[in-house]
Amino acid sequence: ACGGRIDATAGDETSPWTQVVSQLQAATIGEFELSRELGRGGMAAVYLAHEIALNRLVAIKVMAPGLFLGSGMVDRFRQEAVTVANLSHPNIITIHGVRQIDDLHFLVMKFVEGRSLESVLHSAGPLPVEVVRAVLFQVGSGLAYAHRRGVIHRDIKPANILLDGDGNAIVT
């Protein structure tokens, strides 16, 4: 349920993510109710949240704490958000906002009810040719749209493609 404590580190109280989650909960109190971690990569972690004012679920992507020290990483994170926020295509994730509160950097995105293509492949194995064609067409459509606007993704992989409940592919 939304509003509960997030177990961001699976019991590791020394993890830098424990502090990040506490900061995120404090920074978004009254605006978002954090629910659970959706995923984590090298640059960020993503959390499910309820946006109180608009009564909708969103995904909040928080920059990894170790990257704060990296030269230009904050700028890269923010530029990613600005770039994606200026794209409007059904097969590209929608960015609702980008925020900085003290040393906490995060963006608020549309929550896609579904699973990553990576997860689907792990559980289902090879997909039928018709499904593969549909996913490739949709991902290609989104990437072609982005490329026409001078945006190159640079990290296309099954983990960065979401499949919603209707089978639509969304590039993250």
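The values are calculated or read from the model by the stated rules, or taken from the named source; none is laboratory data. All figures in this text were calculated on a predicted structure; none of them were measured in a lab. Because the Cβ atoms are built from the backbone with ideal geometry, glycine has one as well, and the counts that use them run over all protein chains shown. What goes into the accessible areas is simple: the full protein's heavy atoms, side chains included, and nothing from ligands, DNA or RNA. Shrake-Rupley method; radii C 1.70, N 1.55, O 1.52, S 1.80 Å.
Working from the Cα coordinates of the chain, the gyration tensor eigenvalues give, after taking √(5λ), semi-axes of 27, 19, 16 Å in decreasing order. Think of it as helices only: each DSSP H run of n ≥ 4 in the chain is worth -39500 (n - 2.57), and spread over all residues that comes to -10000 deg cm²/dmol at 222 nm. Per residue, the solvent-accessible area of the chain (1.4 Å probe, heavy atoms of protein chains only, all protein chains present) comes to 56 Å². Per residue, the convex hull spanned by the Cα atoms of the range 37-123 amounts to 118 cubic angstrom.
In the chain, Cα pairs under 8 Å separated by at least six residues give a relative contact order of 17 percent. Near the amide H of Ile52, within less than 5 Å, lie the amide hydrogens of Phe32, Glu33, all on another chain or at least 5 residues away, with H placed in the peptide plane. Can you tally the net charge around Val84? Count Lys and Arg as +1, Asp and Glu as -1, for every other residue whose Cβ sits under 14 Å from the Cβ of Val84. That works out to +4.
So between Ala159 and Ser141, what do we pick up on full extension, going 0.36 nm a residue minus the alpha carbon distance?
Numbers: separation 18, 0.36 × 18 = 6.48 nm, distance 1.80 nm.
Gain on extension, Ala159 to Ser141, equals 4.7 nm.
Our coupling estimate for the range 124-133, obtained by passing each phi through the Karplus curve with A = 6.51, B = -1.76, C = 1.60 and θ = phi - 60°, is 9, x, x, 8, x, 4, 4, 5, 4, 4 Hz, Gly and Pro reported as x. If you run the Gaussian network model on the chain, springs between alpha carbon atoms under 10 Å, then out of Ala44, Ala124, Ala64 the most flexible one is Ala124. Determine the share of the chain's accessible area contributed by carbon and sulfur atoms, expressed in whole percent, with a 1.4 angstrom probe. Roughly 54 percent, rounded to a whole number.
What does the C-alpha gyration tensor say about the overall shape of the range 93-150? Classify as rounded when a/c is under 1.5, otherwise prolate if a/b is larger than b/c, or oblate. Oblate, since a/c reaches 1.5 and b/c is not below a/b.
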